[in-house]
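*Asks:* Okay, handing you the structure first.
The values are calculated or read from the model by the stated rules, or taken from the named source; none is laboratory data. Values in this document were obtained by computation on a predicted structure and should not be read as measured data. Glycine gets a Cβ as well: all are built from the backbone with ideal geometry, and neighbour counts include every protein chain shown. Ligands, DNA and RNA are excluded from the accessible area calculation, which covers all protein heavy atoms including side chains. Shrake-Rupley method; radii C 1.70, N 1.55, O 1.52, S 1.80 Å.
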Amino acid sequence: MTAFGDVRRRRIDELAARAGAVPEGEGGVSLTRSAFRRLRRNPVAIIGAVIVLVFLLVAAFAPLLAPRDPLAQTLLSQIRPGSIPGAQEGFPLGVDNLGRDLLSRLIMGSRQSLMIGVVSTVLGVVVGMALGVLAGGLGGWVDTVVMRFVDIVLSIPSLLMAISISVLLGQNQYALMIAIAVTQVPIFARLLRGSMLAQRNSDYALAATALGVKKGRIIFGHVLPNSLSPVIVQGTLSLATAIIEAAALSFLGLGDPDLARPEWGAMLANAQAFLSIRPELAVYPALCIIVVALGFTLLGESLREALDPKFRR
Amino acid sequence: MLRFIVRRLLQLIPILLGLSVLLFAWLRALPGGPAQAALGERATPEDIARYNELFGLDEPIYVQYLRFLGRAVQLDFGTSARTGRAVTTEFLERMPGTVELTIFAMIFAIGVGIPLGYLAARKHGSWLDSTSVIGSLLGVAIPVFFLAYLLRLVFAVELGWLPGSGRQDVRMDATRITNFYVLDGLLTREWDAAWDAVLHLVLPAIALGTIPLAIIVRITRASVLDVVNEDYVRTANAKGLATATVRRRHIIRNALLPVSTTIGLQAGLLLSGAVLTETVFAFGGVGSAIYEAIFSRDFAVLQGFILLLAVVYVLINLLVDISYGLLDPRVRAR
């Protein structure tokens, strides 16, 4: 199938084809188990996993860990134009421009930031996979229609796409998640389709067809499970992108305006106005975003190595 | 080759049509619809009703779409609610700045990225290698606008080495020909104006170029490491070619093929990354215009700019594709 030859798409397809190759020489050990074993031996994967785990734990137990109420404007009285109090007794990282404890806000903010990242990525994966299965499983005109649609969405740079969706849906956390998810849908759709096409012509799928197994069962029982590894890798990497993109949308004034929910992106965007007075207000949320994005990236890259047959042995 | 190019051009048509449908639908789906877009957010319901009647927005939707398409083909996207000027005029006025910024960002990313990636691969496992790997991971994880603010704070506000906003010193009374400020300066031989425009580009270009830099370093490094182990490199070494010749003719040339794809891809993506960078540096290109349009809910500008940027993006990808076809004969056959 020759489609409009866009390089971005070809790269996605290459990834799909590479991960689709059938591994050799590890008889008896399942792909998942051998991948997990290699993952455990890879220090990069461990670092990534530890970072991600720590942040997930902080988010889970945030109300217990946060030393103060993230909304209480405790030190409001100390704030003067051009001066925001820094670290002091009881406020290890100081307070923000409204006198709220920065550390507590960062801890509580991890919930919202991680949730935006996870929900939007899951949404993107689910819808993208549904489209990918439709296209890669059914083929024919369904494939053509789905892929043409995906091509059109891919032809809008992702940030511009996210901007248009947020403007359309208004400013709330759900709009933010949907906007980010929409930019990820075409990537997953193409990835899964390509990976499924590679698997559909494999020997075991052919054997199943020869044995008279029904088409639906071949697709869902054999082809799909074997096509998932590039999706898993991309999904992990996308978590990082989603969190960064959420921050970018917040910066452009398209974030969640609900001030009762601290969120790193919004905190970072808000802090730009006070950068010359207290740069820490921007640096800490930025560090949180960078470290967590790094964690997901490290994990994703080592997953790619673990699942890619090229890196086996 | 000609057939390949023609085929690619024909395949643009459904993409562009699809884009126009998407953005047409987008404006219709907004609360208030196109009338609100044209009249601005403070328009009264009566104004909107009158506008709808005047511009045939009460007609069937396909008639409206065909009319929209007819105007879009003539590059007519209506007028800005904020300034009252034609959207296309504003776009053409703003685009040169963004193009200049993108070119400088790419020069930075390529100029630093390829040598760094190559050196990292050659000194595989050294501190330089590890640093560049960690750096390239960090480069992708930093929110662009935060990096832009940091650069501005340190090098423009605190140290005062470089200008931190705008495209040129406002006191600089430069002659405008093309609206590419650097080019204008060179054409009119106003060297100081050109130099000033270049200085204004340095910080935004570094901020914008960081992500592509990180990606180019990584791809170059991986690609060189791949090529070094190829049979033809071993053959070239075995037949006694000078190390420099092997590096230049066999390793670098083959390793750069995947890098060139990445470069083309990134150039297209920079156009949208410019929204963040330009906003921080009040740069006055297309990106700042989009930010202003979001802020003032200037929907006609948003629609027109996003559509035009998407078209530019598609065209850049097409060029990358064609050049890739020139570089790699296998692509043409597909």
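*Asks:* Looking only at the range B:9-34, which residues are buried (at least 16 other Cβ atoms within 10 Å of the Cβ), modelled with pLDDT of 75 or more and more than 18 Å from A:ILE156 (Cα to Cα)?
*Replies:* B:LEU30
*Asks:* I'd like to check something: does the range B:105-124 contain any residue that is within 30 Å of B:ARG297 (Cα to Cα), under 25 Å from the mean Cα position of the chain (by Cα) and within 14 Å of chain A (Cβ to nearest Cβ)? Break it down into steps so the answer makes sense when it comes.
*Replies:* Our first condition is that a residue be within 30 Å of B:ARG297 (Cα to Cα); within the range B:105-124, this holds for B:105.
Subsequent filtering for residues that are under 25 Å from the mean Cα position of the chain (by Cα) retains B:105.
This time we only want the ones that are within 14 Å of chain A (Cβ to nearest Cβ), so: none.
No, the range B:105-124 has no match at all.
*Asks:* Can you tell me how many residues within the range A:142-161 are within 7 Å of chain B (Cβ to nearest Cβ) and more than 20 Å from the chain's Cα centre (by Cα)?
*Replies:* 4
*Asks:* Looking only at the range A:284-303, how many residues end up being without any contact (Cβ under 8 Å) to a residue 40 or more places away in the chain and either more than 7 Å from every other protein chain (Cβ to nearest Cβ) or surrounded by 24 or more Cβ atoms within 10 Å (Cβ to Cβ) (or both)? Spell out the reasoning first.
*Replies:* Filtering the range A:284-303 down to residues without any contact (Cβ under 8 Å) to a residue 40 or more places away in the chain leaves A:286-287, A:290.
Cutting the leftovers down to either more than 7 Å from every other protein chain (Cβ to nearest Cβ) or surrounded by 24 or more Cβ atoms within 10 Å (Cβ to Cβ) (or both) gives us A:286-287.
Within the range A:284-303, residues that are without any contact (Cβ under 8 Å) to a residue 40 or more places away in the chain and either more than 7 Å from every other protein chain (Cβ to nearest Cβ) or surrounded by 24 or more Cβ atoms within 10 Å (Cβ to Cβ) (or both) number 2.
*Asks:* Please state which one of A:ILE156, A:ILE152 is touching a helix residue (DSSP H, G or I) at 6+ places or on another chain (Cβ under 7 Å), free of Cβ contacts under 8 Å to residues at least 40 places away in the same chain and not in a helix (DSSP H, G or I).
*Replies:* Numbers: A:ILE152 fails: not in a helix (DSSP H, G or I).
Selected residue: A:ILE156, the only one of A:ILE156, A:ILE152 that is touching a helix residue (DSSP H, G or I) at 6+ places or on another chain (Cβ under 7 Å), free of Cβ contacts under 8 Å to residues at least 40 places away in the same chain and not in a helix (DSSP H, G or I).
*Asks:* Okay, moving on. Would the range B:158-181 turn up any residue that is over 20 Å from B:GLY284 (Cβ atoms) and either part of a helix (DSSP H, G or I) or under 24 Å from the mean Cα position of the chain (by Cα) (or both)?
*Replies:* Yes: one or more hits.
*Asks:* Okay, next question. Against the condition touching a strand residue (DSSP E or B) at 6+ places or on another chain (Cβ under 8 Å) and either open to solvent by less than 10 Å² (accessible area, probe 1.4 Å) or within 14 Å of chain B (Cβ to nearest Cβ) (or both), how does A:ILE244 come out, does it pass?
*Replies:* Numbers: touching a strand residue (DSSP E or B) at 6+ places or on another chain (Cβ under 8 Å): no; either open to solvent by less than 10 Å² (accessible area, probe 1.4 Å) or within 14 Å of chain B (Cβ to nearest Cβ) (or both): yes.
It is false that A:ILE244 is touching a strand residue (DSSP E or B) at 6+ places or on another chain (Cβ under 8 Å) and either open to solvent by less than 10 Å² (accessible area, probe 1.4 Å) or within 14 Å of chain B (Cβ to nearest Cβ) (or both).
*Asks:* Within the range B:39-47, is even one residue away from chain A (no Cβ under 12 Å) and open to solvent by less than 50 Å² (accessible area, probe 1.4 Å)?
*Replies:* Within the range B:39-47, one or more residues are away from chain A (no Cβ under 12 Å) and open to solvent by less than 50 Å² (accessible area, probe 1.4 Å).
*Asks:* Across the range B:234-275, which residue is most open to solvent (accessible area, probe 1.4 Å) among those that are β-branched (Val, Ile, Thr) and in contact (Cβ under 8 Å) with a residue 60 or more places away in the chain?
*Replies:* Just the residues of the range B:234-275 that are β-branched (Val, Ile, Thr), to begin with: B:235, B:243, B:245-246, B:251-252, B:259, B:261-263, B:275.
Of the ones still in play, those that are also in contact (Cβ under 8 Å) with a residue 60 or more places away in the chain are B:252, B:259, B:261, B:263.
Details: B:ILE252: 59, B:VAL259: 1, B:THR261: 10, B:ILE263: 36 Å².
Among residues in the range B:234-275 that are β-branched (Val, Ile, Thr) and in contact (Cβ under 8 Å) with a residue 60 or more places away in the chain, the one most open to solvent (accessible area, probe 1.4 Å) is B:ILE252.
*Asks:* Can we say A:LEU98 is in a loop (DSSP other than H, G, I, E, B) and under 21 Å from A:ALA247 (Cβ atoms)?
*Replies:* Details: in a loop (DSSP other than H, G, I, E, B): yes; under 21 Å from A:ALA247 (Cβ atoms): yes.
The answer is yes for A:LEU98.
*Asks:* Residue check, B:PRO60 against (1) open to solvent by 60 Å² or more (accessible area, probe 1.4 Å); (2) touching a residue at least 12 places away in the same chain (Cβ under 8 Å); (3) farther than 24 Å from B:TYR313 by Cα; (4) not small (Gly, Ala, Ser), all met but one. Which one?
*Replies:* Here B:PRO60 meets the rest and fails (2).
*Asks:* Just to be sure before I move on: is A:GLY216 modelled with pLDDT under 85, more than 14 Å from chain B (Cβ to nearest Cβ), crowded, with 24+ Cβ neighbours inside 10 Å and at negative phi in the structure I sent?
*Replies:* Working: modelled with pLDDT under 85: yes; more than 14 Å from chain B (Cβ to nearest Cβ): yes; crowded, with 24+ Cβ neighbours inside 10 Å: no; at negative phi: yes.
So A:GLY216 does not fit the description; no.
*Asks:* If you take the residues in the range A:255-264 that are of a type outside the set (Phe, Trp, Tyr) and surrounded by 24 or more Cβ atoms within 10 Å (Cβ to Cβ), which one is farthest from the other protein chains (Cβ to nearest Cβ)? So that I can check it myself, show each step before the final result.
*Replies:* Pass one, the range A:255-264, residues of a type outside the set (Phe, Trp, Tyr): A:255-263.
Then drop every residue that is not surrounded by 24 or more Cβ atoms within 10 Å (Cβ to Cβ), which leaves A:255, A:262-263.
Details: A:GLY255: 12, A:PRO262: 17, A:GLU263: 13 Å.
Going through the qualifying residues, I end up with A:PRO262.
*Asks:* Among the residues of the range B:300-312, is there at least one that is open to solvent by 20 Å² or more (accessible area, probe 1.4 Å), of a type outside the set (Asp, Glu) and either more than 11 Å from every other protein chain (Cβ to nearest Cβ) or farther than 30 Å from B:ARG85 by Cα (or both)?
*Replies:* Looking for residues that are open to solvent by 20 Å² or more (accessible area, probe 1.4 Å), of a type outside the set (Asp, Glu) and either more than 11 Å from every other protein chain (Cβ to nearest Cβ) or farther than 30 Å from B:ARG85 by Cα (or both), one finds none in the range B:300-312, hence no.
*Asks:* So which of B:GLY209, B:GLY284 is assigned to a helix (DSSP H, G or I), closer than 23 Å to B:ILE103 by Cβ and out of contact with any strand residue (DSSP E or B) (no Cβ under 9 Å at 6 or more places or on another chain)? Even if it seems obvious, please write down each step before you answer.
*Replies:* Numbers: B:GLY284 fails: assigned to a helix (DSSP H, G or I).
It is B:GLY209.
*Asks:* Quick check on my filter: what residues within the range A:265-283 are within 9 Å of chain B (Cβ to nearest Cβ) and open to solvent by 30 Å² or more (accessible area, probe 1.4 Å)?
*Replies:* Matches in the range A:265-283: A:SER276, A:PRO279, A:VAL283.
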